[in-house]
1. Among the listed pairs K125/K206; K177/K210; K125/K177, which are separated by more than 30 Å between their Cα atoms?
2. Run a plain Debye calculation on the chain (Cα atoms as equal point scatterers, no solvent) and give log10 I(q)/I(0) at q = 0.08, 0.10, 0.14 Å⁻¹, rounded to two decimals, same order as the q list.
3. I want to verify a result. In a Gaussian network model of the chain, Cα cutoff 10 Å, which of these has the top mean-square fluctuation: V27, V329, V109?
4. Please sort through the DSSP H helices of the chain and keep those with an alpha-carbon extent of at least 20 Å along the long axis and a Kyte-Doolittle average not below -0.5.
5. At 0.36 nm per residue, minus the direct Cα-Cα distance, what do L428 and K125 gain on full extension? Give it in nm, one decimal, please.
6. Let me check I've understood the local charge: for K206, count other residues with C-beta under 13 angstrom from its C-beta, Lys and Arg +1, Asp and Glu -1. What total comes out?
7. How about K342: which lysines have a C-alpha closer than 27 Å to its C-alpha, ignoring those fewer than 8 places off in the same chain?
8. Using the Cα centre as the reference, give the magnitude of the dipole from point charges on the C-beta atoms of the stretch 252-382 (Lys, Arg: +1; Asp, Glu: -1; all else neutral), rounded to the nearest 20 debye.
Amino acid sequence: MRNATSPCLDSFCRLDRLGLTVTTQNVEPDHSVLVCSPTTPATPCPECAGSGTRHDTVIRKLAHVPFGWKPTILHINVPRYRCADCARVWRHELRAAAPSRGKLSRDAVTLAVKHIVIDRLSIAKIAAILGVAWNTCSDAILASADELLFHDPARLDGVTAIGVDEHVWRHTRFGDKYVTVIIDLTPTRTNTGTSRLLAMVEGRSKQALKTWLQQQSDAFRDGVEIVAMDGFTGYKTATVETIDDVTTVMDPFHVVALAGEKLDQCRQRLQQDTLGHRGRSGDPLYGIRRVARTRAKLLTIRQWFRLLHVFRDDCHAPLEITWEAYQRVIDAYQAPDPAEGKQIMETLIDAINTGVPAGLEELRTLGRTLQRRRDDVLAFFDHPNTSNGPTEAVNGLIEHLRGTARGFRNLHHYIARSLLDAGGFRPLIHSYL
């Protein structure tokens, strides 16, 4: 079916800003075709810059923004010219309409990136909307991301606090499945916005983070004041060896998790010593495994009775002492005044660093670890707005991305998609729409 065109069709289909004009419209059962011609002036000969004469015409097909539920395909009649001086033949320039050798118009690429970042659609769904193959859609999105987003020289400007953590990008037996994620914590620290993903580096080692930091400019490293991380010493070593005058902060979540892990190990050891087997239903220590990890102020009366009933047995005294240390760690981070919390944590570290009696192996190990990372643990109370909480939140966003795509096999694609999804590019993409 052929429909007559109107002068308003160019602006309605947003082809005027692509340097195209519609000459014919064909509406097919499963798609629409817009036959177009370029409106931009002819370019001179790329060889000698001489003028040329019309040689012939070729058709270039581009997927465009769909109107309605049907995909829209552009059939562009591209003139070819022959140089009068050197006899070279070249095509009319269409960079305003589409990237070089691209199969999607620039508006279609922008729509695809918008669907990926804002609407969180899968590439398979976007390819169906545009009426192209999966590989065609994926290649266009990755090329646009590399061109428009990742080469922005000002993207790392103003970063004063970063968070570092590991991330599992694929759950397989073989191959390296870990990456190191670097998060910009500056917006959350200054209450000006949300955190964003700065980079994702293959591996989870000291060298992985150190190499990335060394690749950045001196201005970036000089601007970073605080680095929040977990208990992995490799990240700390890479940071202090690369950045001068930086404050490393051990995240509260990992400190509490470390104390809780030692509490569980103590409970499991006493379980074996007293009953000779792993915890089973009806065993006293097994029955309080969740209650013991709960903050004391949140326990119900019934839970308190269950806990005190276990502590009444002298054989469980090591568990009671370890539990009290675990609760002191929580109290330090829950204190309304950071100075008060710092005092509680300092007192606890001093108490369990040395002089812990025999039978409290887990508490002794906890004391040595906290003493070794003492400055990092206490640094949080001097910078209470800096933690790895936003880093874990970004990790959650990336996990959702992997579920949307039903898994990734290519790490390059995973990094590009993660940066698009969690790199803070939404305002920029909105400005292109």
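Every read-out reported here was derived from the displayed coordinates using simple, explicitly stated rules and does not represent laboratory data. Note that the coordinates shown come from a computational prediction; the quantities given were computed from them, not determined experimentally. Cβ sites come from the backbone with ideal geometry, for glycine too, and all protein chains shown count toward neighbours.
1. Working: K125/K206 39 Å; K177/K210 19 Å; K125/K177 27 Å.
Result: K125/K206 exceed 30 Å.
2. -0.65, -0.85, -1.24
3. For the chain, modelled as a Gaussian network with Cα springs under 10 Å, the answer is V27.
4. Details: long enough: 252-275 (34 Å, -0.45); 317-334 (26 Å, -0.30); 338-353 (22 Å, -0.08); 389-404 (23 Å, -0.27).
Membrane-span-like by this rule: 252-275, 317-334, 338-353, 389-404.
5. Values: separation 303, 0.36 × 303 = 109.08 nm, distance 2.28 nm.
Gain on stretching L428 to K125: 106.8 nm.
6. +1
7. K236, K262, K297
8. Numbers: 20 positive and 18 negative charges, 117 e Å.
The calculation lands at about 560 debye.
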